[in-house]
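Quick note: the coordinates plus some simple rules give every number you see, no bench work behind them. In this text the structure is predicted, and so the values were computed from the model without any measurement. Glycine gets a Cβ as well: all are built from the backbone with ideal geometry, and neighbour counts include every protein chain shown.
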Amino acid sequence: MTNDSAPFDHPANALVLEVFRLNGALIRFGDALVRPLGLTSARWQVLGSIAHGRGTFSVARLADNMGLARQSVQRVVDELADAGLVGFAPNPAHKRAKLVLMTPAGEDAFNRASALWRPVAEAMLASLEARRIAETTEALATLRVQIEERDMDRSEE
């Protein structure tokens, strides 16, 4: 008989499990936070990526920026467009891949969501030193790059 708990004893597995739990908690919390604005965590996340790109991102670039599948982001962008929160502009770099822009209503929704999030972010900063948050962010980014490189290596096989 094998030891079924062994895979869960590895420190990397504990870290990954905690990241999964954090992701789930953030999605649930975010959904509740922005629900009064008619948003979901997914819509808020896409609006954030659009804001980050300042109107220079296509759906594919938005997806890459968020580490998600293009099809998933396209579905959310379509929902946002139907709700009047985003629009599209010609992309000088690509004939078919239009740029995604926030409408004034989208900017308002994103700004209101950001205002709701700000006290939460401040509370996080108060409970952890800024240095620890920066170190954790750096460590998670390093791990993400390692995983992405492994994924790229596999896609070349």
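A Gaussian network model of the chain, with springs between Cα atoms under 10 Å, assigns the largest mean-square fluctuation among Phe20, Phe88, Phe110 to Phe20. For the stretch 30-128, the dipole from Cβ point charges (+1 on Lys and Arg, -1 on Asp and Glu) about the Cα centre works out to 320 debye, to the nearest 20.
So what is the relative contact order for the chain, in percent, with contacts set as C-alpha pairs under 8 Å and at least six apart?
Values: 111 pairs, mean separation 27.5, N = 157.
Once normalised by length, the contact order is 18 percent.
Approximating the spin labels as points 7 Å out from Cα along Cα→Cβ, the Ala25-to-Ala60 distance works out to 3.7 nm.
If you run the Gaussian network model on the chain, springs between alpha carbon atoms under 10 Å, then out of Arg21, Arg112, Arg70 the most flexible one is Arg21.
Multiplying the residue separation of Leu68 and Val145 by 0.36 nm and removing their Cα-Cα distance gives an extension gain of 26.3 nm.
Note the full-extension length gain between Ala134 and Leu17 as 0.36 nm times their separation in residues minus their Cα-Cα distance, in nm to one decimal. Don't skip to the answer; put the middle values down first.
Numbers: separation 117, 0.36 × 117 = 42.12 nm, distance 2.06 nm.
In short, 40.1 nm is gained.
Working from label points 7 Å from Cα in the Cα-to-Cβ sense, the Ala51 to Ala105 distance is 1.9 nm. For the options Arg144, Arg75, Arg118, a Gaussian network treatment of the chain with springs between C-alpha atoms closer than 10 Å singles out Arg144 as fluctuating the most. For Leu99, Leu116, Leu62, Leu140, the sequence from fewest to most other C-beta atoms within 10 Å is Leu140, Leu116, Leu99, Leu62.
Between the labelled values [x] 43, 35, 29; [y] 58, 45, 32; [z] 162, 22, 20, the entry that holds Cα extents along the principal axes in Å as derived from this structure is [y]. Tell me which residues come under 5 Å, amide H to amide H, from Thr103 once H is placed; ignore anything under 5 positions away on its chain. Residues meeting the amide H criterion: Val86, Gly87.
Using only helices, what value at 222 nm comes out for the chain when you add -39,500 (n - 2.57) per DSSP H run of length 4 or more and divide by the total residues, to the nearest 500 deg cm²/dmol? Don't skip to the answer; put the middle values down first.
On the way: 7 runs with 112 residues, N = 157.
It comes out at -23500 deg cm²/dmol, rounded to the nearest 500.
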